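Engineer: Structure provided below as structure tokens; questions to follow.
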Amino acid sequence: MRVARLVSAAWQWGSRLPPLVCDSLLPTLLLVNVTTTRPLHELPVATTLTAALVLPLLWRRRAPLMVFGMVTAAAFVQWLMDVQLLADIALLIALYTVAASSGRRGTLAAGAIVEAGVLLACLRWAVEEAFPTTFVAATAMVIASAALGVNVRTKGVCLEALEERAARLERERDQQARLAVAEERTRITREMHDIVTHNLSVMVALTDAAVYAQHRSPDKATTAMLQISETGRQALTDMRRSLGILRTDEPDAERHPLPGIAQLAALTEQMCAAGLPTRLEVHGEHTHIPATAQLTVYRLVQEALTNALKHTPSGTHAQVHVRCSTEAVTVHVIDNGPGTTLPGTTPSGHGIPGMRERAVAYGGELRAGPLPGGGWEIHTRLDLDNGGEVTT
């Protein structure tokens, strides 16, 4: 255990050093060893061969294949000169570097070259009785060096893949965040458009009626002014509710639930007071329909009636048909005004595109256009499970 801790500490200490410093430690130690242990008459040859074996290791990270070639060439010259050196360990380091930086073919080729050198060295220098043991031990070191290099390369590839995946996930997260922000802006813009356009249109119509009736029928003018006040307060409530969803500390969002199918009756009464007689028919039970789907139905009807109020002459009547089932909600709004004057025929309008966006969110397709005999029609079918085929 103590040796393992010392080795671990030494490895951590070495990992903090610059690569060139780490690569120069072994060549320095081997050169010091050969100069201090060899006899004087062997020193020039031994030092030269040791330098040829270990000095190329300084560049092994930059050019592993070239360094491996230089080390194997020096080892072959050493074998030809029949000089045994401790610096032969450089072959294992060069093989490890090739395995850590090259593919399978490069590793196998380098391993085969080193194994051939092991065989030649054992044939020349191993004692005959100890040849098998020496050869097996040297081969095991070759295999261990190659396996260690392959393991390092595999870890590096895995780490690179993980880093790339993390970077890709971060980009996707940022992209999704931008899309969510854009979608939320679109939702708020659409909601504000529906609230402001509808309530202002009603208030303008009621104001015109009050001005017209203030001398002939003061009671009706007073009633219209009260309805204007109520419409303004309702608009403020709707705006607080829509903006309050964005704030967790906003109490109005909880005090005032989102409008739904149950509030369509009040909406049609408001439109009747503003000068657009409207008849509402709701078929089927709507209590099981999600609140967001009910809000979509409410906004679709609100926008359709607001368009009819703004762009049709007095005397126009509207009809609203809502059919609820467990699978879908069908919304059908028609009026008997001149259909060619309704919005949606001009590309600058936001009402019809906003209605289409609301319908698409529930797998629906909005049909908006003039009727053959006159008037205007809005029709869509919202799939509550988003799983059926849209039929309009």
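Engineer: Are any of the residues in segment 130-137 under 21 Å from Val67 (Cα atoms) and surrounded by 14 or more Cβ atoms within 10 Å (Cβ to Cβ)?
Structural biologist: Quick first cut of segment 130-137, residues under 21 Å from Val67 (Cα atoms) only: none.
Checking segment 130-137: not a single residue is under 21 Å from Val67 (Cα atoms) and surrounded by 14 or more Cβ atoms within 10 Å (Cβ to Cβ).
Engineer: Note down all Cβ pairs under 7 Å where the first residue falls in segment 312-327 and is more than 12 Å from Thr268 (Cα to Cα), the second is of a type in the set (A, V, I, L, M, F, W, C) and outside any strand (DSSP E or B), and they're at least six residues apart or on different chains.
Structural biologist: Once the first residue is more than 12 Å from Thr268 (Cα to Cα) and sits in segment 312-327, its partners that are of a type in the set (A, V, I, L, M, F, W, C) and outside any strand (DSSP E or B) give Thr316/Leu276; Thr316/Ala308; Val322/Ile261; Val322/Leu264; Val322/Val297; Cys324/Ile289; Glu327/Leu384.
Engineer: For residues that are part of a strand (DSSP E or B) and not charged (D, E, K, R), scanning just segment 266-295, find the one that is nearest to Asn336 (Cα to Cα).
Structural biologist: It comes out as Thr278.
Engineer: On the basis of being at pLDDT 80 or above, closer than 19 Å to Arg104 by Cβ and part of a helix (DSSP H, G or I), does Ala161 make the cut?
Structural biologist: Yes, satisfied.
Engineer: Something else now. Taking the residues in segment 318-340 that are within 17 Å of Gly275 (Cβ to Cβ) and modelled with pLDDT under 90 as candidates, determine which candidate is surrounded by the most Cβ atoms within 10 Å (Cβ to Cβ).
Structural biologist: Ranking the candidates gives Gly337 first.
Engineer: Against the definition (in a helix (DSSP H, G or I), buried (at least 21 other Cβ atoms within 10 Å of the Cβ), among the aromatic types (Phe, Trp, Tyr) and modelled with pLDDT under 90), how does Tyr298 come out, yes or no?
Structural biologist: For Tyr298, the condition - in a helix (DSSP H, G or I), buried (at least 21 other Cβ atoms within 10 Å of the Cβ), among the aromatic types (Phe, Trp, Tyr) and modelled with pLDDT under 90 - is met.
Engineer: Does Val142 satisfy the criteria of being outside any loop (DSSP other than H, G, I, E, B), outside the structural domain of Leu53 (by TED's automatic domain parsing) and modelled with pLDDT under 90?
Structural biologist: no
Engineer: Oh, and also: Across segment 36-95, what is the number of residues that are more than 55 Å from the chain's Cα centre (by Cα) and β-branched (Val, Ile, Thr)?
Structural biologist: Of the residues in that region, 8 qualify.
Engineer: Does segment 21-38 contain at least one residue that is under 24 Å from Lys155 (Cβ atoms), of a type in the set (D, E, K, R) and touching a residue at least 40 places away in the same chain (Cβ under 8 Å)?
Structural biologist: Restricting attention to segment 21-38, the residues satisfying the condition of being under 24 Å from Lys155 (Cβ atoms) are 21-23, 25-26.
Of the ones still in play, those that are also of a type in the set (D, E, K, R) are 23.
Then drop every residue that is not touching a residue at least 40 places away in the same chain (Cβ under 8 Å), which leaves none.
No; the residues of segment 21-38 include none that is under 24 Å from Lys155 (Cβ atoms), of a type in the set (D, E, K, R) and touching a residue at least 40 places away in the same chain (Cβ under 8 Å).
The values are calculated or read from the model by the stated rules, or taken from the named source; none is laboratory data. All values derive from a computational prediction rather than experimental measurement. Methodologically, a virtual Cβ is constructed for each residue, glycine included, from the backbone with ideal geometry; neighbour enumeration extends over all protein chains shown.
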